[in-house]
Structures are given as C-alpha cells and as structure tokens.
1. Within region F:47-64, which residues are farther than 16 Å from residue F:31 by Cβ, of a type outside the set (A, V, I, L, M) and open to solvent by 10 Å² or more (accessible area, probe 1.4 Å)?
2. From the residues in region D:11-32 that are free of Cβ contacts under 8 Å to residues at least 60 places away in the same chain and of a type in the set (A, V, I, L, M, F, W, C), which one is nearest to residue D:55 (Cα to Cα)?
3. Looking only at region J:23-34, which residues are open to solvent by 30 Å² or more (accessible area, probe 1.4 Å) and charged (D, E, K, R)?
4. If a residue has to be in contact (Cβ under 8 Å) with a residue 12 or more places away in the chain and surrounded by fewer than 20 Cβ atoms within 10 Å (Cβ to Cβ) to count, how many in region B:35-46 make the cut?
5. Assess whether residue E:20 counts as being over 14 Å from the mean Cα position of the chain (by Cα), open to solvent by less than 20 Å² (accessible area, probe 1.4 Å) and more than 7 Å from every other protein chain (Cβ to nearest Cβ).
6. Look at residue F:31 and say whether it is of a type in the set (A, V, I, L, M, F, W, C), at pLDDT 95 or above, touching a Phe, Trp or Tyr at 6+ places or on another chain (Cβ under 9 Å) and part of a helix (DSSP H, G or I).
7. Considering every residue within region G:1-16, establish whether at least one is open to solvent by less than 20 Å² (accessible area, probe 1.4 Å), in a strand (DSSP E or B) and farther than 20 Å from residue E:10 by Cβ.
8. Out of all the residues in region F:74-84, which are open to solvent by 40 Å² or more (accessible area, probe 1.4 Å) and touching a residue at least 40 places away in the same chain (Cβ under 8 Å)?
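The values are calculated or read from the model by the stated rules, or taken from the named source; none is laboratory data. Since we're looking at a predicted model, the values are computed, not measured. Heads up, the Cβs are rebuilt from the backbone with ideal geometry, glycines too, and the neighbour counts pull from every protein chain shown. Side chains are part of the model used for accessible areas, which takes the heavy atoms of the whole protein and leaves out ligands, DNA and RNA. Shrake-Rupley method; radii C 1.70, N 1.55, O 1.52, S 1.80 Å.
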10 protein chains.
Amino acid sequence: MLFHCAMEVRLPPDMPKAEADDIKAREKAYAQDLMRKGKWPHIWRVAGRYANISIIEAADADELHAMLSSLPLFPYMDIEVTPLARHPSAI
Amino acid sequence: MLFHCAMEVRLPPDMPKAEADDIKAREKAYAQDLMRKGKWPHIWRVAGRYANISIIEAADADELHAMLSSLPLFPYMDIEVTPLARHPSAI
Amino acid sequence: MLFHCAMEVRLPPDMPKAEADDIKAREKAYAQDLMRKGKWPHIWRVAGRYANISIIEAADADELHAMLSSLPLFPYMDIEVTPLARHPSAI
Amino acid sequence: MLFHCAMEVRLPPDMPKAEADDIKAREKAYAQDLMRKGKWPHIWRVAGRYANISIIEAADADELHAMLSSLPLFPYMDIEVTPLARHPSAI
Amino acid sequence: MLFHCAMEVRLPPDMPKAEADDIKAREKAYAQDLMRKGKWPHIWRVAGRYANISIIEAADADELHAMLSSLPLFPYMDIEVTPLARHPSAI
Amino acid sequence: MLFHCAMEVRLPPDMPKAEADDIKAREKAYAQDLMRKGKWPHIWRVAGRYANISIIEAADADELHAMLSSLPLFPYMDIEVTPLARHPSAI
Amino acid sequence: MLFHCAMEVRLPPDMPKAEADDIKAREKAYAQDLMRKGKWPHIWRVAGRYANISIIEAADADELHAMLSSLPLFPYMDIEVTPLARHPSAI
Amino acid sequence: MLFHCAMEVRLPPDMPKAEADDIKAREKAYAQDLMRKGKWPHIWRVAGRYANISIIEAADADELHAMLSSLPLFPYMDIEVTPLARHPSAI
Amino acid sequence: MLFHCAMEVRLPPDMPKAEADDIKAREKAYAQDLMRKGKWPHIWRVAGRYANISIIEAADADELHAMLSSLPLFPYMDIEVTPLARHPSAI
Amino acid sequence: MLFHCAMEVRLPPDMPKAEADDIKAREKAYAQDLMRKGKWPHIWRVAGRYANISIIEAADADELHAMLSSLPLFPYMDIEVTPLARHPSAI
C-alpha cells in the first residue's frame, strides 16, 4: 500500500559542514536505492523549505517504519505519515 | 496491519431522536459485526466526549477506508488515522 | 509545474441525496476528464476521511485555480495548495 | 482503569551514543517488566516517528504517574494522557 | 481519583428561551446533586465565557463518563478531561 | 479571588543534578509556605507530565504575579493563568 | 484590577437587520454606561475584524464576569480574558 | 502606510445565487473603485481557495477599518491584518 | 495611530546574570524614555508570564518597527502586532 | 508566476556579531540583485518581527526554490510559500 510522508528536516545550524555533507550523501544514496527498487515512487521538494513530500510503497507500517527509521537524516526529521487508499475517481 | 483511529462524533443537536437512535443502533450492529470478525480488536470511549479510540485491523488502507466509510455515523464523524507498527519493546 | 493539493470535502449532512449524488457524479466526470488529459496525474483517498490528496499539473497558479474553482464540489471544499519543486534525490 | 498514553521521544541529537543506548536499554527493560506484570497491555510504534501509543492499566492517576515518571526516557518525552472508559459497543 | 474537566457550553443562539431555561435548570439540579454527594468537589466559572472548570471525583473513567454524559447540557458541551495525580508538594 | 494556573516545567536535560535538586527543594519549600498561608489552596500533578494545575488565591493580578515570578522554577516554566469566578451552580 | 478582554463577535449572517440593530444599540448603551462609570477604561476596534480589545476594571473575576455576561452581544461573542498586573517599567 | 490583508470568504452554500451574484458584483465595483484611487494597490487570488491577499494603503487603522468594513462581503469574511514597514533591503 | 503589541520575552536560562541585568536595565531606560515622550502610553504585565501587553503610538509601521527593533530585548522577544482603530462605542 | 513568501528569521542569539553581520550583508546583496532583475518585486518588513513578506516572480517552483535556498539566511529561516493567481477584481 501507499503512504504519504511529509518530511521536514531540521539540521542543527552548527553541525560541521563535513558531517552534514556526509549525512546528506548517505541519505541520497539510501533514498535512491529505495527508489530504484520501486519502494519510493515519488519525492518532491516543498518549495522554500528543507522538506519533502514523498509517496512510499510498503507492505504495512512495519516495513514503512523500518525504511523511514533507517534514513540517515531520521534523527533530524519530523515525519507525518498518512495512509492512502485508492480514490474512486482515479483512472 | 493495525490502524489507530480517533473518531469524534458530531450529531446535529436538532436531529430527531428517532433518527439518531436508528443511526446509533445500526452503527452498533455494524461495529460489533466487525469486532466479532476480529477486524476491530479494540474500542474505548474517550471519557467526557462523544468520541472513541479504536484499533482496527485491515490488510491495507483500502480495506480500512471501506470499513470506516461504511459506518452509519461516518457522515457525522471526524476520523484521524495513524498507522501502527510493531514496537521493539512489545512482548 | 506540480501542485500538491490537499482537499477536504464538507457536504452539509442535510443535503438531499439526489443533489449530493448529482454533484458527486459531475465531480467525478470533471476530474476524470482532467486525469485523461494528464493534468491531474495522481489522486489518493485519505483513509478514514472524505478527503483526498492530489498532484495537479498546471502551467501556473492561474491555470491551477481555474481548474480547482471549477470543481463541482469546490463550494464545499477546503483546499490547501503546496507548490512542488523537483527533489535533488529524485531519479 | 485504562489510560491512553501518546509518547513522543526527543533525545538531543548530540547525546553520546553510549549514553543513549544505555537509556534505551533501561527503558526497554523497565517497560517489559511492566508488560509482563500486565500493567502495560499494549504498545505500538507510530510509523515514521520516534513515538509510541500505549495503553496502560493503573488503579488511578497516582499509580499511572508513578509508572510514567519512572521511565528512563521520561525527561526526554512529551506524554499526552487520555482516560479511557468502556465503550457501549465493545464486546 | 480526581479528574480536571474543562467544559465549554455552546447552546445554539436560536434555541427557544423556555427550552434553554429548562435544560439549564435540570443541569443545575443534576450538578448540585453530585456536589452534595461529594462527587463534584469544585466548579468555577471561566470569567468571560460560558464555560467552567470542574474537579470531579470518580472511581475511574467509566464512572466519570457516566456522570458527564448524563449532564443535560452534554450534547452542547465540549469537555476536555485531564487525569490528576497527587502533587509531591501538596500538604 | 482565585486564579487557575496551568504550569509546565521545562528543565534543561543537561542541568547538573545537584542544581536541579536545589531548585526543586527551594520550589517545594516556597510553595508549601504559600499553601500553609492559604494562598495556594490546590495543586495537582498532571498525570504523565512535569506539570501541575494549581488554584491560587490572590487579591489581584499584582499579588498573583509577585507570587508566581518568585517561584524558583519560574525561569523554566510556562504558566497559563485563567481568572475564576463563582459558578452559579456551586453550593 | 485590570483585565485584558479580546472580544470577537459572530452574529449569524441571517439575523434580521432590525434585530441586529437593536442588539447593537443596547450593546453600545450598556458599554458606554460602564465607560462613563470608569469600569471600561479602553476599547479599541481590531482593524479588519468585528472584534475589539478592551481593558476592563473590576474588583475581581466575579464582577468582571457579571459585566461581560450582561453584554447584549454576549451570546454571540468569543471572549478571551487575560489578567493584567502592573509592569515594573510603567511610569 | 501599507497593510497586508489576508481575506477568506465564507458564503453560506445555501445563499440564493442571485443574492450571491449581487453581493459579488457590488464587492467588485467597490474594490475596483478603491484600486483606481490607489488605495488598494495589490490583490491576488490564493490558488485553490475563495480567498485573497491584498495590500492596502491607508493613513491609519481607522481609514483601513472604514474601507474593509464597507466591503459588501465583509459579513462573510475573515480578515487578518498585518502592518507593513519598509524593508531595509527594498530598492 | 495605536498598535497593540503582545511581547513575550525568552531569555536563555544560561545567560550570565550580569548580562541579563544589563539588558533589562537598558530595556527599562529605553522604554521609560518612550513613555515619557508619550509614544508608549500603556504597558501591562501578563500575570504569570515574562510577557507584556503594550499600546504604542506611532505615525505608521515604519516608526513602530524602528521603536520595537531598538528594544535591547528585541533579539529575545516574540512580538505580535495588531493595528487598532477607534471603536464606535468609545467615549 | 507570483509566489507569496512569508519569511521568519531565527538567528541564534549567541551567533558572533561579525558572523551575523556578514550573513546579513550577503543576504542584502543577493536579494537586491534579484530585485534589480525583477525577480523579487516586493519585500516588506513585518512590523515588530525579524520577518518579511515577499512577492517573488519565478517561472515555477523549481526556480523559486533555487532562489530561496540560495539565500544566505536560508538555514535560519522558516518560509511559507503560497502560490498566487490573478484576482478577477484586479485592474
């Protein structure tokens, strides 16, 4: 099933740049791996914010939480999850 | 998987009593049918409110929404759904 | 560009069923026409609510507003629009 | 009686890993001890968050507060408590 | 145990005065009966609002909800319940 | 007159334990002195939180503020004050 | 003592104009009577809203509530009361 | 000076179309008259909502409130006003 | 014109006392200078909070912002400004 | 198209003045460059706050986000973006 995940990132402004760059690089690699596997079909940047809106495919909340809590940025994120159902008007 | 559903009921105060009683009776019958089938393992009354907190078992959001939107009280309810994962401390 | 539109529907509970059915039928036809044209690439039901999350493609806010304000359900909807940019991790 | 406890954990990102691991290990041991005693019948992870929803059995608010304030993670938690009553539809 | 109940009353402005007076009279009689029995030790008016803050004594949430949901004004009230524990500084 | 004071304490988690213990001891002594003088007739612990709900007797807001701002924990507290009037149903 | 009262008026749009005019005229007469007596030293219109911010002088919350609940517009108002103390910088 | 006015319109869905059309026509004429006089330099539609964001020029809050409260749609609007100062980076 | 300014002060608890005392002394001197000039006609302490409600007289938002942003405590304050108009019931 | 951007700045109070001055100088230069190019047609200071309301012209959310995320103050800002459409009453 699909989950709508609104993720807001709050890195401490005083985190050393090298550390932040490393976390972001690992985040990107991890996310793109999931995307290639079809588990993370959509990610969009929220304009003006260090935030994204993602659509994630997972069998259930256990698989979803395992994916999200493994994100290198997870300790710095606020994530709101909304379960999505098929819409009767969808074609 | 399990979904945490916080349901708040807002019946119009001027709904005729017979109509309200009928909806509530159908709601109860419908809910108890799901409970007997193991799809609605927990329901608690929020003290002081016409509201409940429920734990519902559904294969996915499609099945969950089909169940919830068939509730006779659905047009009068505000429902907030939270997907639940297994907790690592659960025994 | 893409817009994230969170739409919540609030039909008056006392609207005659025939009137509600007519609005919903026209809403569905209108929405599906936009979907077939590629202007409304995604729509999902928010589980447990008479609400949807949609991704809409429009040249700009003028075109977006023209589409949304023509929805038969528009007078009964609360819509929150978030402009979406490409995410650097998107593949 | 039962209490619905929504617990959100906010560990400082710069807490040394050894210290965090120690607190979490003690938290888990403490919680599982209460679970085995039947005082903490349910705990679920809120998908995507370092948070849980728990159902706790306590004679009254004094016993509940004694349990919660003894949690090793208590100084880092935001807990919202909702008292639960039996629901008339419960079977 | 004690429960802190914040009650806000929202009577429809167009309710006939006789009906409102009747509900209020029954509310007062019912409340004072509970007060005389020691179940409702404190009630204060929130200055400037049709609202009160009450401290109610009940064995548990079941007894509390039975009391509150029997209030003649219950269908017109929004009630927030907070469970109270003994404070270590209380004398 | 009476004031309803909802107090939430937010001690920095990294405050040295000796310092925290000292502040709490002075807070308790100060509060109990006011209680013995009849100025602080009620204090309850909000279950699950480092917070209390208090009823304080003061001639006016000047006296109230003098009392509250002298609390040793005042710099770490968020206090919401609600003025209370006699309720017409009170006995 | 002084109370800061933020008052928001919500007259039903379909109230007959004569009825609304009558309530407003009585409201004005009542308010100005209190102003002349020195009980309502300040009233300002919140620009752009059918709302006001008032400073009211009352011996205590009982007198304040008696004044406010006697306002002809009281059933249509949402009033937030904040108790005011003397500021140490006031001259 | 300039005021930022965020206006949200909430016409009752059951208002007869002729009445709504008349109010909207008078609103448009009134607004455009102010625009031609330079008092209402900017108005934008908030995409997806029956709402606008306006920049209004007025000598002070008295003139602003006189303008806003004369809007034919004023009884159906929720308006939030923010006073604007010159920004040091403005050119 | 008049502006309603709700100011909340949030000094870091670990600011050295001498530094805090110095800022507060300069704040008081600065504020009282404006009061003597008639630019700051009212200031009240919000009971129970390190906060005040002030009424400030300024020709426009530019003058207001110049005054407020020069407050020694400005970097530690959260200020909400509401423009005030004359109320038709004011005498 | 136009975007309404509400920007709130939260510089850490303990940032060295030289560092803050440098960021602000670069912010001003960057912003004025965009203003001269016609991409940032309006910026106003929100009176009483370290905040601004800006109207920004961008082809789409990608261009907008590129501009905003390049602001030297971006890591210290909270930005809310609202897409603007032409208003039918605009002249």
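1. So in region F:47-64, the residues farther than 16 Å from residue F:31 by Cβ come out as F:47-49, F:59-62.
With the extra rule that they be of a type outside the set (A, V, I, L, M), the set shrinks to F:48-49, F:60, F:62.
If the condition is that a residue be farther than 16 Å from residue F:31 by Cβ, of a type outside the set (A, V, I, L, M) and open to solvent by 10 Å² or more (accessible area, probe 1.4 Å), then F:49, F:60, F:62 are the ones that fit.
2. Selected residue: D:31.
3. J:24, J:26, J:28, J:33 - these are the residues of region J:23-34 that are open to solvent by 30 Å² or more (accessible area, probe 1.4 Å) and charged (D, E, K, R).
4. Of the residues in that region, 3 qualify.
5. Details: over 14 Å from the mean Cα position of the chain (by Cα): yes; open to solvent by less than 20 Å² (accessible area, probe 1.4 Å): yes; more than 7 Å from every other protein chain (Cβ to nearest Cβ): yes.
For residue E:20, the condition - over 14 Å from the mean Cα position of the chain (by Cα), open to solvent by less than 20 Å² (accessible area, probe 1.4 Å) and more than 7 Å from every other protein chain (Cβ to nearest Cβ) - is met.
6. On the way: of a type in the set (A, V, I, L, M, F, W, C): yes; at pLDDT 95 or above: yes; touching a Phe, Trp or Tyr at 6+ places or on another chain (Cβ under 9 Å): yes; part of a helix (DSSP H, G or I): yes.
It is true that residue F:31 is of a type in the set (A, V, I, L, M, F, W, C), at pLDDT 95 or above, touching a Phe, Trp or Tyr at 6+ places or on another chain (Cβ under 9 Å) and part of a helix (DSSP H, G or I).
7. Filtering region G:1-16 for residues open to solvent by less than 20 Å² (accessible area, probe 1.4 Å) gives G:3-5, G:7, G:9.
After this cut, where a residue has to be in a strand (DSSP E or B) as well, the list is G:3-5, G:7, G:9.
Now drop any that are not farther than 20 Å from residue E:10 by Cβ, which leaves G:3-4.
Yes, that holds for at least one residue.
8. Narrowing region F:74-84 to residues open to solvent by 40 Å² or more (accessible area, probe 1.4 Å): F:75, F:78, F:80.
Listed by number, the residues that qualify are F:78, F:80.
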